[in-house]
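Asker: Okay, handing you the structure first.
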Amino acid sequence: MKLYSGPLSLFSRKVEIALREKSLPFDREMVPFTQEKGYTPKHPAVLAANPKGQVPVLIDGGLTLFDSTVIFEYLEDAYPRPALYPASAKDRARCRLLELTADEILLPPLRQLMTRTSPPDPDPERQRQRVADADRAEIALRDHYETLSRRLGSQEFFCGAFSVADIALFMTILWVQRLKGPRLDAQPKLAAWYERVKSRPSAGQAAEEIAVADRELSPPL
């Protein structure tokens, strides 16, 4: 099994965590990345596999897949133990909605924070707009934290047992933290969940490798 990943690719790191949780050995190739040019020029193998030219790309025998959600579902079908989705249809649907929440609801305000690791815009007005957008994004993310904390309730993990939902939400919130977004102090249940996930070897390794990549590739925030 081979995974094309990226040092600061949120979605690739999600897949890495899932592979390690399932104890699946894989050969990882990190595609080139810089803060100035991002993942340009694109890796030729990634371009050939994914029309969007993005990592992650997973190759398992004769099968090539892209998109972290598609990869998650394939891994669960092909390598069902240990399970990363709940057993019942309704609970699996709830799990998928939580992953979608991470990927499509939390991600838009998170994207506004990503400009903090980009070179400043040479146009002062556009740079001021960037800062204002990031400030608004922080307000939205705090609201999402409150919603997630209520959804978590007294559970250790969002779907009872550790699942794809925890992987996706952990990675998105980790990205918020690394970009100096809102902290979790006001949501102790969510903060405890975050530390619980981070203490797992799979997630802890991803977090540490991201921190190393930040030191090597990103300007100080």
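Rule-based calculations on the coordinates, nothing more; no lab input. Predicted, not measured: the structure shown is a model, and the values here were computed from it. In this analysis, Cβ positions are derived from the backbone assuming ideal geometry, glycine residues included, and neighbour counts consider all displayed protein chains.
Asker: Zone of E138 (label point 7 Å along Cα→Cβ, backbone N under 11 Å): which residues in the range 175-200?
Answerer: 180-183
Asker: Quick one: putting +1 on the C-beta of Lys and Arg, -1 on the C-beta of Asp and Glu, what dipole do you get for the chain around its Cα centre, in Debye to the nearest 20?
Answerer: 260 debye
Asker: Looking at the range 1-86, which trypsin sites (Lys or Arg not before Pro) are DSSP coil and have at most 14 other C-beta atoms within 10 Å of their C-beta?
Answerer: The qualifying sites are K37, K52.
Asker: Now, a different point. At D121 and A45, where each label point lies 7 Å from the Cα along Cα→Cβ, what is the point-to-point distance in nanometres?
Answerer: Here the answer is 3.7 nm between the modelled labels.
Asker: Report, in deg cm²/dmol and to the nearest 500, the calculated mean residue ellipticity at 222 nm for the chain, where each DSSP H run with n ≥ 4 adds -39500 (n - 2.57) and the sum is divided by the residue count.
Answerer: -17500 deg cm²/dmol
Asker: Continuing with the same structure: Strictly over 22 Å apart at the Cα level, which of K2/K90; K14/K52; K22/K198; K90/K189 would you flag in this model?
Answerer: Result: K2/K90; K90/K189 exceed 22 Å.
Asker: What spacing in nm lies between the two simple spin-label points modelled at D91 and Q177, each 7 Å away from Cα in the Cβ direction?
Answerer: Distance between the two pseudo-spin positions: 2.7 nm.
Asker: Also, quick follow-up: Checking a compactness column here: for the range 2-78, what do you get for Rg(Cα) / (2.2 N^0.38 Å), N being the number of residues?
Answerer: That ratio works out to 1.04.
Asker: OK, next. Considering the chain as a Gaussian network with a 10 Å cut-off on Cα pairs, which listed residue, Y79, Y145, Y194, attains the greatest mean-square fluctuation?
Answerer: Y79
Asker: Please work out whether the chain counts as rounded, prolate or oblate from its C-alpha gyration tensor, where a ≥ b ≥ c are the square roots of the eigenvalues and a/c under 1.5 means rounded, while otherwise a/b larger than b/c means prolate and anything else oblate?
Answerer: Note, shape of the chain comes out oblate.
Asker: How large is the Rg to Rh ratio of the range 89-217 when both quantities use alpha carbon positions and Rh follows Kirkwood?
Answerer: 1.00
Asker: Please list, ordered by chain and number, the residues whose modelled amide H lies under 5 Å from the amide H of E29; skip anything fewer than 5 residues away on the same chain.
Answerer: Excluding prolines and chain starts, which carry no amide H, the hits are L3, Y4, S5.
Asker: Say we join alpha carbon atoms closer than 10 Å with springs in a Gaussian network model of the chain; which of L174, L84, L47 then has the biggest fluctuation?
Answerer: It is L47.
Asker: With just the Cα atoms defining each centre, how far is the range 140-200 from the range 72-100? Give it in Å.
Answerer: Rounded to whole Å, the Cα centres lie 19 Å apart.
Asker: Please give the peptides 165-172, 178-185 ranked by average Cβ packing (other Cβ atoms within 10 Å per residue), highest first, as a rough proxy for protection.
Answerer: By packing density, highest mean first, the sequence is 165-172, 178-185.
Asker: OK, next. Counting only GluC sites (Glu not before Pro) that sit in a DSSP loop (anything but H, G, I, E, B) with at most 16 other Cβ atoms within 10 Å, what is the longest stretch of the chain containing none of them?
Answerer: 37-155
Asker: Pairwise over distinct Cα atoms, reciprocal of the mean inverse distance: report the Kirkwood radius of the range 149-221 in Å, one decimal place.
Answerer: It works out to 13.0 Å.
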